[in-house]
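Just below is one structure, and these are the notes that go with it.
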Amino acid sequence: NAGVTQTPKFRILKIGQSMTLQCTQDMNHNYMYWYRQDPGMGLKLIYYSVGAGITDKGEVPNGYNVSRSTTEDFPLRLELAAPSQTSVYFCASSWTEAFFGQGTRLTVV
Amino acid sequence: KNEVEQSPQNLTAQEGEFITINCSYSVGISALHWLQQHPGGGIVSLFMLSSGKKKHGRLIATINIQEKHSSLHITASHPRDSAVYICAVRTGNEKLTFGTGTRLTIIP
């Protein structure tokens, strides 16, 4: 039982490049989330999903896209990366308790 | 105003002290989570509450639904308890919204 697996752990992108952050959970949780955490700040919700085929925007969705084609996977897509997207990204899944991935430290230069 | 407010933002205490961290929220919730984030960045779930009180080892979490308030207590605090403690609320549409966290430092 791996829990929530998030990849990559680190990435450096150039301005304008695109990438996908992968998130997979093996607990059959319906609820999955993507957050970003800027230095010294709290977690802000980017997108969330309450089940396969259903996604919704959080507080800071601009510049990001998600899909949820299966219960297990919830990838986060960054199109046209900008320096403002430099942050640590966390994926989480939940049914009763919440479980988090290890985080992705993304730097856009 | 944030939907979830935590206090204090920072807390420094001596080893052995009793610690209280507070969380107030302004929306209707189905559950409240307390989480711990260590300096390395990993986040782990401590408690999920929908009513009453839960205890795990030296940690106790309480919630008062009428007052929209929860507290996390740590008894006999230890330097290894140093971390950021985060309150998160689950609303009816299953969104998890986080407070900004309380940075706890326990001095030996």
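A short reminder: the numbers here are calculations on the coordinates, not readings from a lab. Because the structure is a prediction, the values reported are computed rather than measured. Because the Cβ atoms are built from the backbone with ideal geometry, glycine has one as well, and the counts that use them run over all protein chains shown.
The set of residues in segment A:47-97 that are under 15 Å from A:Tyr35 (Cβ atoms), part of a loop (DSSP other than H, G, I, E, B) and within 14 Å of chain B (Cβ to nearest Cβ) comprises A:Gly58, A:Glu59, A:Val60, A:Pro61, A:Phe74.
Exactly one residue out of B:Thr20, B:Thr97 is away from chain A (no Cβ under 13 Å), part of a strand (DSSP E or B) and out of contact with any Phe, Trp or Tyr (no Cβ under 6 Å at 6 or more places or on another chain), and it is B:Thr20. All of (1) outside any strand (DSSP E or B); (2) crowded, with 17+ Cβ neighbours inside 10 Å; (3) of a type outside the set (A, V, I, L, M) hold for B:Glu67 with one exception: (2). Scanning segment A:7-33 for residues that are under 25 Å from B:Thr91 (Cβ atoms), part of a strand (DSSP E or B) and away from every other protein chain (no Cβ under 11 Å) turns up A:Leu21, A:Cys23, A:Gln25. Only residues that are surrounded by fewer than 18 Cβ atoms within 10 Å (Cβ to Cβ) and in contact (Cβ under 8 Å) with a residue 24 or more places away in the chain were counted across segment A:69-83, and they come to 8.
Does A:Val66 satisfy the criteria of being surrounded by fewer than 19 Cβ atoms within 10 Å (Cβ to Cβ) and either of a type in the set (A, V, I, L, M) or touching a helix residue (DSSP H, G or I) at 6+ places or on another chain (Cβ under 7 Å) (or both)?
No, not satisfied.
Of the residues making up segment B:86-93, one or more are surrounded by fewer than 19 Cβ atoms within 10 Å (Cβ to Cβ) and in contact (Cβ under 8 Å) with a residue 40 or more places away in the chain.
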